[in-house]
1. Could you please put Y134, Y68 in sequence from largest to smallest accessible area, using a 1.4 Å probe?
2. Taking the Cα centre of the chain as the origin, how large is its charge dipole in debye, to the nearest 20, when only Lys and Arg (+1) and Asp and Glu (-1) carry charge on their Cβ atoms?
3. Considering the options Q58, V29, N71, tell which one lies farthest towards the positive end of the dipole of region 23-148, charges being +1 on Lys and Arg and -1 on Asp and Glu at the Cβ, about the Cα centre.
4. Please compute the per residue accessible area over region 23-70 with all protein chains in place, 1.4 Å probe, rounded to a whole number of Å².
5. In degrees, nearest 10, range 0 to 90: what is the angle between the Cα axis of helix 79-130 and the longest Cα principal axis of the chain?
6. Kindly write out, for region 47-63 in residue order, the coupling ³J(HN,Hα) from the Karplus curve 6.51 cos²θ - 1.76 cosθ + 1.60 (θ = phi - 60°), rounded to whole Hz, with x marking Gly and Pro.
7. Tell me which of T117, L89, A155 sits at the most positive position along the dipole axis of the chain, charges placed on C-beta atoms (Lys, Arg +1; Asp, Glu -1).
8. Suppose accessible area is computed on protein heavy atoms with a 1.4 Å probe; arrange I24, I37 from highest to lowest.
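The values are calculated or read from the model by the stated rules, or taken from the named source; none is laboratory data. What you see is a predicted model, and the numbers here were worked out from it, not measured in a lab. Quick reminder, even Gly has a Cβ in these numbers, built from the backbone with ideal geometry, and neighbours come from all protein chains shown. Accessible surface areas use protein heavy atoms only, side chains included; no ligands, DNA or RNA. Shrake-Rupley method; radii C 1.70, N 1.55, O 1.52, S 1.80 Å.
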Amino acid sequence: MKKILLMMLMFAPLATFAQKFGHINAQEVMSQMPEFIKARGEMEAKAKQFENDLKAMQDELQRKSQDYEKNKSTMNATKQETENELNGLYQKYQQALQDNQQTLSKEQQEKMQPITTKLVNAIKAVGKAGGYVYIMDVSSGIPYISDTLSKDVTAEVKAQLNKLK
């Protein structure tokens, strides 16, 4: 009886090491998701539009500023008006720049949230189906994950995402 109890105690720690661990490169998976590719294209187009609008404002401000510098000595009555106009244009440019950055950030969060949720749900489904204790993301900067003690489940998560389409 003592021998059986002793053997059970010796093998008990081995049972705790039988847990399964997985790892995934979430960035790689996400970058291949059609939703992500579409969202990235939309965000790039929006950013380009904002960039073009700001460039037009900047060009107008620069042109008017150069005109002001050329004609500063000859204009007396309109000098203050022109300075006020230039200050107004500059403030309008700065406000547009800030508004554009906030809009892009907000839209990016709105577009990425459902994509991230879908990926997390696929990882959870693979974890549950495979009986994994942990699935770690190697793209998050984890310094080391053992390839022998942890299984790469990237392909399984991609397959799970394909099932969710």
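1. Working: Y134 135, Y68 20 Å².
Result of the area sort, largest leading: Y134, Y68.
2. Dipole of the chain, to the nearest 20 debye: 1080 debye.
3. V29
4. It amounts to 65 Å² per residue over region 23-70.
5. Approximately 10 degrees, to the nearest 10.
6. So the Karplus estimates, Gly and Pro as x, are 4, 5, 4, 4, 4, 5, 4, 5, 4, 5, 5, 5, 4, 5, 4, 5, 4 Hz.
7. Selected residue: A155.
8. On the way: I24 5, I37 80 Å².
Ranked from most to least accessible, the order is I37, I24.
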